[in-house]
Amino acid sequence: MSTRKKVLWWVGGAIIVVYALFPIAWIISISLKAPSDIANGQFTPTNVSWDNYETILTGSASDLFLPALRNSFGICLIATAISCLLAMFAAYAIARLDFPGKRLILSTALAVAIFPVISIVTPLFNVWRQIGLYDTWPGLILPYLSLTLPISIWTMSAFFREIPWEMEQAAQVDGATTWQAFRKVIVPLAAPGVFTTAIIAFFIAWNDFVYGIVLTSTEAARPVPAALGLFSGASQFEDPTGAIAAAAVLVTIPVVVLVLLFQRRIVAGLTNGAVKG
Amino acid sequence: MASIEMQHIVKQYGDGFPAVNDVSLDIADGEFMILVGPSGCGKSTLLRMIVGLEDITSGDMVIGGKRVNDLAPRDRNLSMVFQNYALYPHMTVFENIAFPLRLSKTPDDEVRRRVNDAADVLELKEHLERKPANLSGGQRQRVAMGRAIVRQAEAFLFDEPLSNLDAKLRGQMRTEISRLQRRLGITTVYVTHDQTEAMTLGDRVCVLRKGKIQQVASPRELYEQPVNLFVAGFIGSPPMNFLPASLEGTALQTPFGAIELDEARAEKVRGRDLLLVGIRPEYFEDASLVDEAKRPVGSTFTARVDVTEWLGDSQYAYIPYDAPQAVTDQLRELSRELDSEELRTQAIVSIDATSRIREGRDAEFWLDARKIHVFDPQTGENLTRDAEAGAELTRMAAQDRVDQVDEARGGATPVGAG
Ligand SMILES: Nc1ncnc2c1ncn2[C@@H]1O[C@H](COP(=O)(O)OP(=O)(O)OP(=O)(O)O)[C@@H](O)[C@H]1O
Ligand SMILES: [Mg+2]
């Protein structure tokens with residue numbers, strides 16, 4: 001690359017990074033402003049204050065925020081785990097076996113994925129009330145599966161398809177049962193795919209707002225995005241902007257940690273060296 | 001170690017296409033059998049049926065005296081080297097080789113000993129802790145072999161194991177495989193479409209065409225006594241020349257003059273209007289370089305040389321000839337089926353490297369009439385095949401092999417000590 005090209009790449013990259021990170025920087029800055037300081041008309045807080053964090057962690061909003069955090073974590077992790085497990089088997093079958101209705105499964109999954117959430121949430125509300133799932137963890141895990149499962153199946157079957165068939169046949173000739181071949185050869189090779197899928201699924205569940213606000217009513221199951229909408233200011237004349245910003249920053253942290261943690265596992269090209277070269 | 005017997009094996013894929021069609025083949029214990037044929041003739045399918053990765057539509061597969069049609073691959077105890085090696089990229093070389101042993105719950109120190117032994121044989125010692133991704137093509141190939149030899153399998157199956165290597169490495173690995181097989185004495189089935197591999201490695205070679213066996217014989221027999229046009233055209237490089245001919249008296253009239261046949265052979269080919277004479281390139285010679293004593297066993301003719309190729313140790317000349325339409329069509333069909341380059345109606349003849357024959361000039365050639373074959377253009381059948389002589393060649397090859405195996409196994413005993 002010529003120097004000129006390099007410079008252009010750097011400038012381009014910098015613009016994109018600034019564009020993407022600006023809202024985050026902004027929300028961090030707001031979360032550090034005292035309530036009276038929010039409308040100060042400048043980007044940085046006049047005085048860095050931790051009041052907002054205190055409010056949501058120990059103060060008046062903590063009753064709302066902390067249970068919601070617990071709910072969000074629990075519900076999203078369970079939904080992710082279930083959806084990854086199911087998707088793993090489904091994707092394996094789709095990538096490996098020839099059975100009637102294979103295309104139907106894939107297109108149904110796609111149809112479910114593009115179905116607008118808002119149009120099913122009201123009937124779901126009624127059904128959940130009837131059968132006692134309203135305001136419970138399973139009551140959210142189930143709809144979250146409908147969000148995460150289709151995309152999980154799609155991404156994972158793409159990953160499984162990349163793994164050479166012969167890998168598994170070789171294992172069988174070497175003396176493995178179908179299950180051993182799957183567990184000892186296919187799963188390790190598919191691990192990056194599984195992690196990527198898990199992260200995507202987790203984000204989808206973590207970011208959901210509509211189901212969260214409609215299908216819950218108390219801190220028994222209310223997730224963070226819904227709880228944020230219910231924050232109120234210290235008095236009714238005050239906006240809860242600062243507290244919301246602080247909560248938003250806090251819920252972003254697990255997402256960032258997750259990505260950093262698994263980034264190295266998501267390296268593509270693990271299958272390099274399996275075949276000729 | 002075990003013999004492999006196939007009886008009337010048929011394989012039809014889902015679309016009803018018979019990829020393997022009524023194949024019966026007996027592979028003796030310890031034998032090195034080559035499956036060879038043009039692309040798509042069913043070699044891999046047959047191999048995969050032996051190992052159990054493909055269901056058998058009908059027929060019996062008997063390994064070591066036991067019918068294995070319904071056994072899963074892992075219950076057949078065969079080891080296979082795949083064309084693309086199929087190494088496990090997440091495991092080290094050591095674990096790759098040890099994988100079959102781990103699956104059979106072999107104790108750790110036993111695993112270590114056997115893997116180290118295999119690594120010694122294959123010169124993989126210093127690579128045991130590396131991952132396959134970091135190895136060269138030849139090293140990967142050796143790891144795949146290591147995985148195959150590390151356990152006591154009934155037989156080795158190879159599916160074009162060398163086709164991904166460059167020419168030099170291929171030659172090297174070829175001798176290695178041969179040496180290994182002789183030493184271990186394990187029944188081996190080896191799929192290839194490489195002539196050289198087929199001729200040099202195999203005790204016997206099975207030539208397949210469209211899912212059917214054409215001929216099973218030692219390489220020499222295939223070369224000298226092919227059963228039909230297909231085998232004759234497939235084995236040998238450069239390929240056999242096919243000239244149109246008709247019989248007059250006991251002489252074949254060809255574009256290159258008359259070729260005298262002995263009475264017995266003339267009798268066999270009589271009664272057909274059109275014949276194809278098969279002459280290998282090396283049966284020709286520059287007439288001026290032929291011994292006086294040899295001349296009478298062949299015939300001489302004069303022809304214009306189109307192109308010559310001088311390769312240092314040998315020299316080829318291309319001689320165009322005219323052929324009737326029927327023959328041209330037949331030859332085109334054959335060369336298409338053999339996936340060889342378009343066989344033009346020209347003969348490739350091998351002449352001495354010192355010959356002064358030059359392109360574009362008329363030159364006098366001599367051809368050895370003793371070893372030519374005459375084919376029926378309709379059926380492709382070899383009319384002059386001497387089955388007895390062919391069988392003798394295969395018997396000799398079998399004897400050679402016994403000697404080689406003895407030598408390979410008893411290599412440590414000094415000469416004369418027994
Ligand atoms: N899964 C399949 N379904 C249908 N037909 C198949 C399938 N696999 C192979 N065939 C057909 O069976 C025939 C034999 O295939 P096979 O792979 O055994 O050929 P091959 O001799 O190994 O050729 P190559 O030298 O190219 O590897 C081919 O004509 C192919 O089209
Ligand atoms: Mg093949």
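Residues in the stretch B:241-282 that are touching a residue at least 60 places away in the same chain (Cβ under 8 Å) and either part of a loop (DSSP other than H, G, I, E, B) or of a type in the set (Gly, Ala, Ser) (or both): B:Ala245, B:Pro255, B:Phe256, B:Leu261, B:Arg272, B:Leu274, B:Gly278, B:Arg280. Among residues of the stretch B:183-206 that are within 14 Å of chain A (Cβ to nearest Cβ) and in contact (Cβ under 8 Å) with a residue 40 or more places away in the chain, those with a Cβ under 6 angstrom from a residue that is open to solvent by less than 10 Å² (accessible area, probe 1.4 Å) and more than 13 Å from ligand 1 (Cβ to nearest atom), sequence gap 6+ or separate chain, pair up as B:Val189/B:Met33. With respect to B:Ala2, determine if the residue is under 18 Å from B:Ser218 (Cα atoms) and away from ligand 2 (no atom under 16 Å from the Cβ). Judged against the criteria, B:Ala2 is not a match.
So, in the stretch B:223-253, of the ones that are more than 30 Å from the chain's Cα centre (by Cα) and of a type in the set (S, T, N, Q), which residue ends up most open to solvent (accessible area, probe 1.4 Å)? Checked the stretch B:223-253; the qualifying residue most open to solvent (accessible area, probe 1.4 Å) is B:Gln253. For the stretch B:1-24, how many residues meet the condition of being within 18 Å of B:Thr188 (Cβ to Cβ) and open to solvent by 10 Å² or more (accessible area, probe 1.4 Å)? Residues in the stretch B:1-24 being within 18 Å of B:Thr188 (Cβ to Cβ) and open to solvent by 10 Å² or more (accessible area, probe 1.4 Å): 3 in total.
Looking at A:Thr148, A:Thr155, just one residue is modelled with pLDDT under 90, more than 14 Å from chain B (Cβ to nearest Cβ) and under 16 Å from the mean Cα position of the chain (by Cα), and that residue is A:Thr155.
Note on the stretch A:160-185: residues that are more than 7 Å from every other protein chain (Cβ to nearest Cβ) and not hydroxyl-bearing (Ser, Thr, Tyr) total 12.
Counting only helices (runs of 4 or more DSSP H) wholly contained in the stretch A:162-212, the ones carrying 2 or more residues that are hydroxyl-bearing (Ser, Thr, Tyr) occupy A:187-207.
Of all the residues in the stretch B:11-33, those that are within 12 Å of ligand 1 (Cβ to nearest atom) and either touching a Gly at 6+ places or on another chain (Cβ under 7 Å) or not in a loop (DSSP other than H, G, I, E, B) (or both) number 7. How about the stretch A:167-200: which of its residues are open to solvent by 50 Å² or more (accessible area, probe 1.4 Å) and in contact with a Phe, Trp or Tyr (Cβ under 7 Å, 6 or more places away or on another chain)? Listed by number, the list holds a single entry, A:Phe195.
Counting the residues of the stretch A:112-134 that are open to solvent by 50 Å² or more (accessible area, probe 1.4 Å) and part of a helix (DSSP H, G or I) gives 14. The number of residues in the stretch B:84-112 being more than 8 Å from chain A (Cβ to nearest Cβ) and more than 19 Å from B:Lys131 (Cα to Cα) comes to 6. Just one of the listed residues (B:Ile97, B:Ile34) is more than 16 Å from ligand 2 (Cβ to nearest atom) and surrounded by 17 or more Cβ atoms within 10 Å (Cβ to Cβ), and it is B:Ile97.
Looking at this structure, is B:Gly42 out of contact with any Asp or Glu (no Cβ under 8 Å at 6 or more places or on another chain) and near ligand 1 (Cβ under 9 Å from one of its atoms)? Taking the combined requirement at face value, the residue satisfies it. Selection within the stretch B:45-63: residues that are within 13 Å of ligand 1 (Cβ to nearest atom) and among the acidic types (Asp, Glu). The member of this set that is farthest from B:His193 (Cα to Cα) is B:Asp55.
In the stretch B:158-182, which residues are within 14 Å of another protein chain (Cβ to nearest Cβ), away from ligand 2 (no atom under 16 Å from the Cβ), among the charged types (D, E, K, R) and not in a loop (DSSP other than H, G, I, E, B)? B:Arg170, the sole residue that qualifies.
Of the residues that sit in the stretch B:138-157 and are open to solvent by 10 Å² or more (accessible area, probe 1.4 Å) and facing another protein chain (nearest Cβ under 10 Å), which one is farthest from B:Glu176 (Cα to Cα)? Per the stated criteria, the residue is B:Arg151.
Give the residue, chosen from B:Val62, B:Val115, that is farther than 23 Å from A:Pro188 by Cβ, away from chain A (no Cβ under 12 Å) and without any contact (Cβ under 8 Å) to a residue 60 or more places away in the chain. Unique residue meeting the criteria: B:Val62.
Considering only residues that are of a type in the set (S, T, N, Q), within 27 Å of the chain's Cα centre (by Cα) and more than 16 Å from ligand 1 (Cβ to nearest atom), which ones fall in the stretch B:70-107? Matches in the stretch B:70-107: B:Asn77, B:Ser79. Residue count for the stretch A:201-220, restricted to those that are within 18 Å of the chain's Cα centre (by Cα) and either crowded, with 19+ Cβ neighbours inside 10 Å or of a type in the set (Gly, Ala, Ser) (or both): 8.
The values are calculated or read from the model by the stated rules, or taken from the named source; none is laboratory data. Model, not experiment: these values are computed from the prediction. Note that each Cβ is placed from the backbone with ideal geometry, even for glycine, and that neighbours are counted across all protein chains shown. SASA here: full protein model, heavy atoms, side chains in, ligands and nucleic acids out. Shrake-Rupley method; radii C 1.70, N 1.55, O 1.52, S 1.80 Å.
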